[in-house]
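K.L.:
Below is a structure I'd like to ask you about.
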Amino acid sequence: MSLPIPAAIGAAHGAGMRVFGIVGRDGGYTAKHGECVIVPTVNPKHVTPHTEAFQMVVLHCIVSHPDLQLHATKW
């Protein structure tokens, strides 16, 4: 089942979890109710692609971190 962001954040907080996000604007629900990195706006027309690109950089760092890997990466 897919929850809207406010419901998912509420459920996480209700379970005692912390919420982290990488967002493109500081006025959204996630930015107001989670601990977030706010990607600076370079070009207002490209907020979403810049934010998604930064999310992938962070994801890559997480999955490539040696302490978090179950199996070594093969580059």
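The values are calculated or read from the model by the stated rules, or taken from the named source; none is laboratory data. As the structure is a computational prediction, the values presented were derived from the model and not from experiment. Don't worry about glycine lacking a Cβ; one is built from the backbone with ideal geometry, like all the others, and counts go over all protein chains shown. Calculation scope for accessible area: heavy atoms of the full protein, side chains included, ligands and nucleic acids excluded. Shrake-Rupley method; radii C 1.70, N 1.55, O 1.52, S 1.80 Å.
K.L.:
Using the charge dipole of region 24-75 (Lys, Arg: +1 at Cβ; Asp, Glu: -1 at Cβ; taken about the Cα centre), state which of 64, 49, 33 has its Cα farthest towards the positive end.
P.N.:
In region 24-75, that residue is 49.
K.L.:
Could I ask something else about it? Looking at the calculated P(r) for the chain, what percent of the C-alpha pair distances fall above 21 Å? If you can, show how the numbers build up before the last one.
P.N.:
Values: 1201 of 2775 pairs.
Above the 21 Å cut-off, the chain has 43 percent of its Cα pairs.
K.L.:
Could you work out the local net charge near residue 26, counting Lys and Arg as +1, Asp and Glu as -1, over the other residues with Cβ closer than 15 Å to its Cβ?
P.N.:
With Lys, Arg at +1 and Asp, Glu at -1, the net is +1.
K.L.:
Figure the gain on full extension for residue 52 and residue 25 (residue separation times 0.36 nm, minus the Cα-Cα span) and round it to one decimal in nm. Numbers along the way, then the final one.
P.N.:
Numbers: separation 27, 0.36 × 27 = 9.72 nm, distance 1.23 nm.
Once the chain is fully extended between residue 52 and residue 25, it gains 8.5 nm.
K.L.:
May I pose another question? What size of dipole, in debye to the nearest 20, comes out for the chain about its Cα centre when the only charges are +1 on Lys and Arg C-beta atoms and -1 on Asp and Glu C-beta atoms? Before the final figure, lay out each step's value.
P.N.:
Details: 5 positive and 4 negative charges, 24 e Å.
It works out to roughly 120 debye.
K.L.:
Another one. If you count only protein heavy atoms and use a 1.4 Å probe, how large is the accessible surface of residue 58, to the nearest 10 Å²?
P.N.:
Probe radius 1.4 Å; accessible area of residue 58 about 50 Å².
K.L.:
Under the definition of Cα pairs under 8 Å and six or more residues apart, what whole-number percent is the relative contact order of the chain? Before the final figure, lay out each step's value.
P.N.:
Working: 64 pairs, mean separation 15.3, N = 75.
About 20 percent, as a whole number.
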